[in-house]
Structures are given as structure tokens and as C-alpha cells.
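One structure, pasted below without further comment.
The values are calculated or read from the model by the stated rules, or taken from the named source; none is laboratory data. No experiment lies behind these values; they were computed from the predicted model shown. In this analysis, Cβ positions are derived from the backbone assuming ideal geometry, glycine residues included, and neighbour counts consider all displayed protein chains.
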Amino acid sequence: MAPGINFKGTPLDDSGSQTSVGNPAGRVGEDRGSARLGYSSLLWLASTVVAVLVGLVQLTNAPIDERMLVISVLLAGAAGGSLQSLQSLVAFLGNGAFQRAWMAYYMLRPALGAATAFVSYAILRATFIGGGVEASRLNYYGILGLSFVTGLFSRAVVARVSLLVEVAFGTTEGKEALQEASLSPRKPIKKLDRYHGFLVHHVAEDRRSVDVLLQSHRPDNDPSVEIDIGEGPPVRPALFRVAVHSTTATCDVEPTQASLLVKPGQHESEKRTFVLTCASEENEPEGLIELTNKGRTVALVPLRRRESTDAKR
């Protein structure tokens, strides 16, 4: 009689007894030890979630200040990290696939979620919100929800930030990832409008406004970037979206974006003016001009004064 398999998937010998290949005695003790560690991690994560929720409830009666915001961000991030780990851990324990080597990860997961939420809040506060805004004027529950989601998906957030850093510093991994993303078949590439000309911008002397337009020839004085996109002759109008992004935390841009339309045979588009407003007159506004077509960025250049040299793309 040939060896068979029992209902648990353990090999049977000719007499019908379990062989030592599939389930040795030492393996049983190891599995039980791993299960105990898994349930210990489960208790730790569940206790962390309860403690964090109690802490957040207690903070609802406290006045909103910087210290209270930071504590809330840390607690919400820890809650998100713990909840994600609970979902993963319950699945592994239910399938009997938990391994003791994972215990350290699950024990530290709340701290990882809290740290990721705090870094994300710090970046958000330093760039988009600005350090001069009082804590009481911020959307407390919006920041709380964002911190929870950041902790919940902290692994994805860290991976994306790492990719952005690699791309920004031009590492080999970043270039390969950028090329792979640009050629990904999962996102169909829309054909761009045919246009060949120059993106021109003029910054006022006080750097409080910037004029942006498209024209067919390179200007003599103002900074410009050559745009050459699409295929074939220009048989239809090319529609662009232009946006000015302020890189100074205490400065805002109005409007945030506008459209530029260039018809076939037209030498230049209408001029769009963006106003940069800063909290203090001493602040020197800086920013980037982004030009998109069909939802794809075709030019991204820094604001430059009239005397700056032309940039070529």
C-alpha cells in the first residue's frame, strides 16, 4: 500500500501511522511556543489601542495648543499602527502561520505608526500650513484623522517617502523606479497636445507677482523653458494648466492655477498673473511653476528674476 496523506496534510506510512517528516515532536512544541508569543503580541496591541483611545478621549476637553496637537498626533499614529497590526496578526494566528521572529515587529508597530504620523505632521506644518499659524486655528479632527491614516499605512508612507528621496537625489534606484512608473502599463498614457514653444514667466521687482504665458519664440529678457510635446502638426488647440506653488511656508499664491490655451497659428497665449502674498513684508517668496497637459507635468521650473539666465528643457 502506497503512503497517503491524512486530513491535516501529514504524510502516512504503509501502516497508516503519521511519519516524522511532516510533524516531528519538536515542531509541535515550537508551534505552541510561537502561538503563545503571538497571543502575547495580540494582547499588547489590543491594550495599546484601548489605552490610546482613552488618551484621545481625555484630550478632547483640553485646550488646543502645540503640545496637545503633538500628543494627539502621536496617539492617533500609534492607534493606526496598532489597528493594522491587529488585523495582520489575527489573520496569521487564525491560519496557524505566526512565527516568533515577527514578535519584535508587532511589539514596535505602535511606535512606528506614531513616529511616521509625527514626521508627516511636521512636514505638513512646515510646508503647507506654516509655523506661524496658531494651533487653535487648525482643524484638530482633520489632523487627527490624517495621523491615524498615516499610522495605519506607515509602511506605504515610508516606502513612498524613500522613493521620493531617491528620485530627488538621482540615485540609481530612484531613476529605475521613475522609469518603471512612467512606463507602467497599468496607467494608460494619454496622448499630449502637439505644441512647440516656450513657457515664459516674468517676476515683478518686488517678487509679489508673476506673469506666465506661452509663446512661439524665445524671449530676449524674461526666463523661458522650451516646450516640445505631442506628435505631428498642430491641428487642434493645445490646452495647458499652469500652477504656481509657493515653497515659502508663510506665503500663499492666488489663484492656485489657471489655464493657457494656444490655438494653431497663434503666436502666444493670454497672460496669467499670479499674486504671492506673504505674512511679513520681510519674507522673500520662492516657488515653482508647474505646466501640465492632459494631466501630465511637462515643465517644472523655479521662479526666476528677469536677469536670470534662460533655462532649457
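Being in a helix (DSSP H, G or I) and among the small types (G, A, S) narrows it down to one residue among A62, A97, A114; which is it?
Step by step, each of A62, A97, A114 is checked, and only A114 is in a helix (DSSP H, G or I) and among the small types (G, A, S).
Another one. Against the definition (under 20 Å from A135 (Cα atoms), part of a helix (DSSP H, G or I) and in contact (Cβ under 8 Å) with a residue 40 or more places away in the chain), how does L86 come out, yes or no?
So L86 does not fit the description; no.
Hey, another quick one. Is at least one residue of region 244-258 more than 22 Å from the chain's Cα centre (by Cα), outside any strand (DSSP E or B), under 19 Å from K191 (Cβ atoms) and modelled with pLDDT of 80 or more?
No, because not a single residue in region 244-258 is more than 22 Å from the chain's Cα centre (by Cα), outside any strand (DSSP E or B), under 19 Å from K191 (Cβ atoms) and modelled with pLDDT of 80 or more.
Follow-up question, since we're still on this one. Please find, within region 108-145, the residue that is surrounded by the fewest Cβ atoms within 10 Å (Cβ to Cβ) out of those that are touching a helix residue (DSSP H, G or I) at 6+ places or on another chain (Cβ under 6 Å) and more than 28 Å from S246 (Cβ to Cβ).
Only one residue fits best here, namely L112.
For region 96-113, how many residues meet the condition of being more than 22 Å from the chain's Cα centre (by Cα) and on the phi < 0 side of the Ramachandran plot?
The qualifying residues number 12.
Separate question: In region 248-278, what count of residues is obtained for those that are in contact (Cβ under 8 Å) with a residue 60 or more places away in the chain and either touching a helix residue (DSSP H, G or I) at 6+ places or on another chain (Cβ under 8 Å) or of a type in the set (G, A, S) (or both)?
So the count comes out to 1.
Only one of (1) at pLDDT below 85; (2) over 22 Å from I289 (Cβ atoms) fails for R236. Which number is that?
(1)
Yes/no per residue for (1) surrounded by 12 or more Cβ atoms within 10 Å (Cβ to Cβ); (2) at pLDDT 85 or above:
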| position | (1), (2) |
| --- | --- |
| A25 | no, no |
| D31 | yes, no |
| A46 | yes, no |
| V49 | yes, no |
| E66 | yes, no |
| V73 | yes, yes |
| A76 | yes, yes |
| L86 | yes, no |
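Between V203, V210, which is assigned by TED's automatic domain parsing to the domain that holds C278 and out of contact with any Phe, Trp or Tyr (no Cβ under 6 Å at 6 or more places or on another chain)?
Among V203, V210, only V203 is assigned by TED's automatic domain parsing to the domain that holds C278 and out of contact with any Phe, Trp or Tyr (no Cβ under 6 Å at 6 or more places or on another chain).
Another question, if that's okay. So the check is Cβ under 7 Å with 6+ separation or different chains; which pairs have a first residue in region 192-210 that's over 18 Å from P302 (Cα atoms) and a second one that's of a type in the set (D, E)?
These pairs meet every condition: R194/E231; H196/D228.
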